[in-house]
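Reviewing the structure listed below.
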Amino acid sequence: MKVERWTRTSRTFTAGVAALVVVLFAVPLVLDPDVVQKLTTLLILVLLAAMWNALAGYGGLLSVGQQAFIGIGAYGTVFFAGLGMTPYAAMVAATVLAGAISIPISLFALRLRAAQFAIGMWVIAEVLSLIVRLDRNLGAGTGISLIQLNQYEPNFRQAYTFWLALGFTVLFLAALFFLLRSPLGASLQAIRDDEDAARSLGVRVAARKRMLFVLAAFGCGAAGVLVVANTLFIEPASVFSVQWSAYMIFMVLVGGLGTFEGPIIGAILLFAIQTTFTQGGPWYLVGLGAAAALFALFLPRGLWGTVEERLGLRLMPVGYRVVDRRNGSGEVTTT
Amino acid sequence: MTIVNALLQGVFLGAFYAVLACGLSLMFGVMRIINLAHGDLAVLGAYIAFVVVDRTGASALVAFIVALPVMVVFGYVLQLTVLERSLKAGLLTPLLATFGLSIVIQNLLQIVFSPDVHSLGGSAGSLTTSSWQVTGGLSVSALGVVVLVVAVLVFSALQLFLSNTRAGWRMRATAEDADAAELVGIDSRGVYARATALAVAIAALGGLFLAIRSVFDPVSGPTQLIFAFEAVVIGGMGSLWGTLLGGIALGVAQTLGAQVHPQFSVMAGHLLFLAVLVVRFGGARFSLRFAR
Amino acid sequence: MTLLAVRDLDCRYGLLQAVRGVSFELAQGETVALIGANGAGKTTLLRAIAGAHRPHAGAILFGGADVTRTPPHRRVSLGVALVPEGRRLFPGLTVEENLRVAASRGRGRWNVASVLELFPMLQPRRRALAASLSGGEQQAVAIGRALMSNPRLLLLDEVSLGLAPVVVDAVYRALEGIIQEGATVVLVEQDLTRALQVAGRVVCMLEGRVVLEGEAASLDRERVVSAYFGLRRSA
C-alpha cells in the first residue's frame with residue numbers, strides 16, 4: 001500500500017493551471033478594457049468564494065458578515081490614498097489593515113457559537129457601515145470615488161488593476177493550497193470532520209481557526225480593494241451590503257463546500273449568470289437564494305463535491321490517496 | 001424630562017422589538033434553530049395585511065385577523081418542507097437554508113409588490129397618532145402603550161401555554177430531549193411544526209406593528225431580523241422572558257443613543273449587542289495567544 | 001398468542017453492526033430477560049423494537065402487524081413502551097408533568113394516581129423538578145411514565161444501573177407486581193440473579209447475536225455465564 005499525493009491527473013491539471021496563470025497575465029495586453037474589467041470582476045468573485053470556503057468549508061465557521069472586511073479594504077484604500085499614498089500602495093495598506101483588524105475581532109468572535117458568530121459578524125459589518133456614513137471625508141452615505149486613480153490612463157489603470165487582481169487571487173489561493181497540504185492542513189480537515197475528536201488528539205483547534213479567520217479577512221479585504229479599483233466609485237450601502245455574503249454562499253454551496261476546486265467553479269457559474277442576466281434584478285436573485293437553499297438541503301457537497309465523490313477525481317493534490325496494490329484492482333480511498 | 005421621555009419611548013420601542021423577537025426565541029428554544037428568514041416572514045405578514053387593507057379598506061386589525069391564518073399555514077408548510085430537513089443535517093444547514101429562503105422571500109416580494117415603501121399607519125385609525133400629555137414634557141403615545149400591553153400579553157400567554165397545558169409540556173419535553181419524547185408517544189414532528197407555526201404567527205404580529213409604527217418595503221426583513229436577534233442575545237438565548245427584557249433593553253439603548261446623536265441610535269443597539277457578546281462569551285482569557 | 005415477533009433483525013450504526021440476524025418471539029404475558037455483556041446489542045435491540053432505531057434489515061411484528069417502519073410515537077399508541085437506559089426524564093418538567101406528558105391510550109389501569117400508588121415515595125415529590133430527584137426516584141418516574149400509556153408490551157433497559165441495592169429491591173418489587181398482573185415484559189438486566197428471578201425466559205446476546213435461549217428455570221448458571229462471556233463458541 002502506498003500513500004500518494006500526486007496522481008497523473010493532478011499533475012497534468014496543476015501544470016495546466018500554472019500555464020493558465022501565465023496566459024492570464026497577457027490578457028490586458030490583448031483584450032479590450034471592458035472585457036478586462038469584467039474578468040477582473042470574475043477574479044474578485046473567485047477570491048471571495050475561496051475565502052468564504054476557507055472559513056466555512058475548512059473551518060466550519062459560517063460568516064454572514066465578511067462584507068465587513070470587503071468594506072475595510074475598499075474604504076481603507078480611499079482613506080490611505082486621501083492621506084497621500086500612491087493608489088496602489090494604499091491598496092496594499094488597506095489589505096493589511098483588513099487583516100490586522102481581524103485579529104482583535106477574532107479574540108471573541110471565534111468563541112461564539114454558529115448563529116451568534118454568523119450574525120455577530122453581520123452586525124460588525126453594519127457598525128462599520130454606520131461609522132463610514134458618519135464620516136464626511138469618506139463620502140458619508142452618498143459614496144466616494146478613488147479619484148487618485150484618475151492620474152492613470154484608463155487602459156493602464158484597468159491593466160494594473162487586473163494584474164493586481166490576478167496577483168491577489170493567485171497569492172491567496174496559493175496560500176490556502178499550501179496551508180491545506182501542510183500538516184496544518186490535515187488537522188484542518190480533521191477539525192472539519194469532527195472537532196471534538198480532533199481536539200482530543202491534541203489539534204489546537206482555536207489557533208487553526210484563527211489562522212483561517214485572519215486569512216479570510218485578508219482575502220476579503222483584498223477583494224474590497226479590487227472592488228474600488230475596478231469600479232472606482234463605492235458607497236456604504238453596496239460595499240458593506242449583506243448581498244456579498246449571499247453571493248459567497250451561493251458560489252460555495254453550489255460549487256462545492258470544503259473542496260478546493262468547488263468555489264472556483266461556483267464563481268465562474270455566478271459570473272456567467274450575472275453577465276447573462278445583467279438586469280434580471282429580483283428574478284435572478286430569487287434563483288440564487290433558492291439554489292443556495294436547495295443545495296444546502298439536498299446537495300450539500302455542491303456540484304464539484306458530488307462529481308469528485310462519484311468519479312473519485314481529484315484535480316488539485318490537496319488530499320491523500322491510499323492505493324491498495326495487493327488485489328491488483330488499485331482500490332483507492334481518498335480524503 | 002427628555003431623558004425620561006427617551007426612556008419611555010425606549011420601552012415602547014423595545015416592546016415592539018420583543019414581539020419581533022418572540023417567535024425567533026421560541027424556535028430557538030424548541031429546535032435550536034435560528035431562522036434567518038424570520039424578519040422577512042414578519043414583513044410578509046405586513047404585506048398580506050397591506051393587501052387586505054388595500055383591496056377592502058378594512059382596518060389594520062381586521063387585516064391582521066385575515067393574515068394570521070395564512071401565516072400559520074405558511075409556518076406549518078415551512079417547517080415540514082425546509083426546516084425539518086435542515087434539522088437532521090449539520091449545524092450550519094439551517095442557517096444556510098433559511099438565509100437562502102430569506103433572499104427568495106425578499107425578492108419575490110419585490111417582484112409582486114415593487115420596491116415601493118408602504119405603511120399601515122393610516123389604517124390603524126387614531127391609534128397611530130393619539131397620545132396623552134403627562135406632566136409637562138412627557139408624552140405617552142397610545143400606540144406605544146398598546147404594543148407594550150400586547151407584548152406582555154403575548155409573552156404571558158406563551159408562558160401559560162408552556163407551563164399549564166399538555167401541549168405546552170410536550171413542547172418543552174421535545175425541546176429538552178426529542179428522542180425520549182418520541183419514546184413516550186410525543187410526535188416530535190408535530191411539535192416542531194406547531195412551534196414554527198406559532199413563531200411565524202407572532203412574527204406576523206411583529207410585522208403588523210412595524211407597518212403601523214413606520215414604513216416597510218420588501219427588503220425590510222434583514223433589519224428586523226438583526227433587531228430580533230439582538231434582543232434574544234441581550235436577554236439571554238433560551239430564556240423566554242429574557243427576550244422581552246432584551247427587547248426593552250435594546251429599545252432603550254437605541255433611544256438613549258439618539259439623545260447623543262440622531263444617527264447614533266441603531267449603532268448604540270449594535271454596540272450593546274456586541275458588548276453583551278464579548279462579556280458573555282469573550283471569556284476571561286483575553287490574551288493574545290497567537291503563536292500557540 | 002404471539003405478541004411480538006422479531007425476524008432476522010439487522011441493526012447498524014454506520015458501518016458498525018450492533019444486531020446481527022436476531023430472531024425471537026414473545027407470547028402475551030411472558031417475561032423475557034435479555035442479558036449479555038456491554039456492547040452485545042441489547043439496548044439497540046430494545047430501541048429497534050420501540051422504533052427509535054431503524055433496522056437495516058429484518059422485520060418486527062407486533063400483535064401480528066408489521067411495525068418495522070412505524071415511527072416510535074405511533075408504536076406507543078399501538079402499545080409498546082420503553083423505559084430507556086439512563087432514565088431520560090425531562091429535567092425541566094416536574095414529576096407530574098413527566099407523567100402527564102406521556103400519551104395515554106384511553107382508559108386503563110394506569111394513570112397518575114395509580115402510578116403514585118405503585119411508587120409511594122414519589123407522592124411527596126409530585127411537584128418537584130425531575131432534575132432534583134434521586135436515582136431511585138428517577139427510575140420510578142421513568143417506569144411510571146412508560147406505564148402511563150397502558151402498554152401491552154413493556155421494555156425495560158437496565159433499570160438497576162447506578163442504583164443502591166435497597167432501591168433496586170423496591171423497583172423490582174413494583175415490577176413483580178406488574179408482571180403478576182399479566183404484563184408482557186422484556187427486561188435488559190446486567191444483574192443475572194435478579195434477571196433470572198423475575199424472568200420466565202432468558203435470551204443471551206453476544207456481539208449482536210443470540211447465543212443462548214431457554215426457560216430460566218431450566219438453565220443453570222454455568223451455561224448462562226459461558227454464553228454471556230462467549231467462553232465456548234462455535235466457529
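The values are calculated or read from the model by the stated rules, or taken from the named source; none is laboratory data. Just so it is clear, the structure is predicted and the values come from calculations on it, not from any experiment. Because the Cβ atoms are built from the backbone with ideal geometry, glycine has one as well, and the counts that use them run over all protein chains shown.
Residues of the stretch A:204-222 that are within 12 Å of chain B (Cβ to nearest Cβ) and of a type in the set (A, V, I, L, M): A:V205, A:A206, A:A207, A:M211, A:V214. Looking across the stretch A:252-275 at every residue that is β-branched (V, I, T) and free of Cβ contacts under 8 Å to residues at least 40 places away in the same chain, the one that is surrounded by the fewest Cβ atoms within 10 Å (Cβ to Cβ) is identified as A:I273. Remark: B:V134 falls outside the filter, which requires a residue to be more than 30 Å from B:G190 (Cβ to Cβ), more than 8 Å from every other protein chain (Cβ to nearest Cβ) and modelled with pLDDT of 90 or more. Taking the stretch C:51-83, which residues are assigned to a strand (DSSP E or B), over 17 Å from C:L3 (Cα atoms) and not small (G, A, S)? Correct list: C:V83 only. For B:L127, the requirement of being within 14 Å of another protein chain (Cβ to nearest Cβ), among the hydrophobic types (A, V, I, L, M, F, W, C) and surrounded by 17 or more Cβ atoms within 10 Å (Cβ to Cβ) is not met. Among the residues of the stretch B:1-27, the ones that are surrounded by fewer than 24 Cβ atoms within 10 Å (Cβ to Cβ) and under 16 Å from B:V82 (Cβ atoms) come to 0 in all. Just so you know, in the stretch A:104-121 the residues that are more than 7 Å from chain B (Cβ to nearest Cβ) and part of a helix (DSSP H, G or I) include one that is surrounded by the fewest Cβ atoms within 10 Å (Cβ to Cβ), and it is A:P104.
Figure legend. Inter-residue proximity from the stretch B:154-172: first residues in contact (Cβ under 8 Å) with a residue 40 or more places away in the chain and surrounded by 11 or more Cβ atoms within 10 Å (Cβ to Cβ), second residues of a type in the set (S, T, Y) and in a helix (DSSP H, G or I), beta-carbon distance below 8 Å, spacing 6+ or different chains. Indicated pairs: B:F155/B:T243. Each residue in the stretch C:48-86 was checked for being of a type outside the set (A, V, I, L, M), in contact (Cβ under 8 Å) with a residue 40 or more places away in the chain and at the interface with chain B (Cβ under 9 Å from one of its Cβ atoms), and 2 pass. What residue, among those in the stretch A:227-237 that are in contact (Cβ under 8 Å) with a residue 60 or more places away in the chain and not aliphatic (A, V, I, L, M), is nearest to the other protein chains (Cβ to nearest Cβ)? Selected residue: A:P236.
Residues that are within 14 Å of chain C (Cβ to nearest Cβ) and not hydrophobic (A, V, I, L, M, F, W, C) number at least 1 in the following helices (runs of 4 or more DSSP H) confined to the stretch B:178-292: B:178-183, B:188-213.
Look through the stretch A:141-150, keep the residues that are surrounded by 13 or more Cβ atoms within 10 Å (Cβ to Cβ) and either acidic (D, E) or in contact (Cβ under 8 Å) with a residue 60 or more places away in the chain (or both), and return whichever of them is farthest from A:T86 (Cα to Cα). Looking at residues that are surrounded by 13 or more Cβ atoms within 10 Å (Cβ to Cβ) and either acidic (D, E) or in contact (Cβ under 8 Å) with a residue 60 or more places away in the chain (or both), I get A:G141. Going by what's in this entry, would C:A128 be described as free of Cβ contacts under 8 Å to residues at least 24 places away in the same chain, away from chain B (no Cβ under 12 Å) and either farther than 16 Å from B:V184 by Cβ or of a type in the set (D, E, K, R) (or both)? No, not satisfied.
Counting just the residues of the stretch B:83-122 that are of a type in the set (V, I, T) and at the interface with chain A (Cβ under 7 Å from one of its Cβ atoms), which one comes out surrounded by the most Cβ atoms within 10 Å (Cβ to Cβ)? Can you show your working first?
Of all residues in the stretch B:83-122, those of a type in the set (V, I, T) come to B:93, B:98, B:103-105, B:111-112, B:117.
Going one step further and asking which of them are at the interface with chain A (Cβ under 7 Å from one of its Cβ atoms), we end up with B:93, B:103-104, B:111.
Working: B:T93: 20, B:I103: 29, B:V104: 22, B:I111: 15.
Taking the candidates together, the pick is B:I103.
Would it be correct to say that C:G86 is within 17 Å of C:Q138 (Cα to Cα), part of a loop (DSSP other than H, G, I, E, B) and out of contact with any helix residue (DSSP H, G or I) (no Cβ under 7 Å at 6 or more places or on another chain)? Yes.
If you take the residues in the stretch A:238-247 that are of a type in the set (S, T, Y) and within 12 Å of another protein chain (Cβ to nearest Cβ), which one is surrounded by the most Cβ atoms within 10 Å (Cβ to Cβ)? Here the residue is A:S245. All of (1) within 30 Å of C:T44 (Cα to Cα); (2) not in a helix (DSSP H, G or I) hold for B:A167 with one exception: (2). Looking across the stretch B:173-193, the residues that are crowded, with 20+ Cβ neighbours inside 10 Å and touching a residue at least 60 places away in the same chain (Cβ under 8 Å) come down to B:T174, B:A175, B:V191, B:Y192.
Within the stretch A:23-68, how many residues are on the phi > 0 side of the Ramachandran plot and not small (G, A, S)? Going through the stretch A:23-68 one residue at a time, the tally reaches 0.
Against the definition (modelled with pLDDT under 95 and more than 28 Å from B:Q106 (Cβ to Cβ)), how does B:R213 come out, yes or no? Criteria not met by B:R213. Of the residues making up the stretch C:147-184, those that are of a type in the set (S, T, N, Q) and within 21 Å of C:R75 (Cα to Cα) number 3.
Consider the stretch A:207-238 and keep the residues that are among the charged types (D, E, K, R) and touching a helix residue (DSSP H, G or I) at 6+ places or on another chain (Cβ under 8 Å). The one that is farthest from A:I44 (Cα to Cα) is A:R208.
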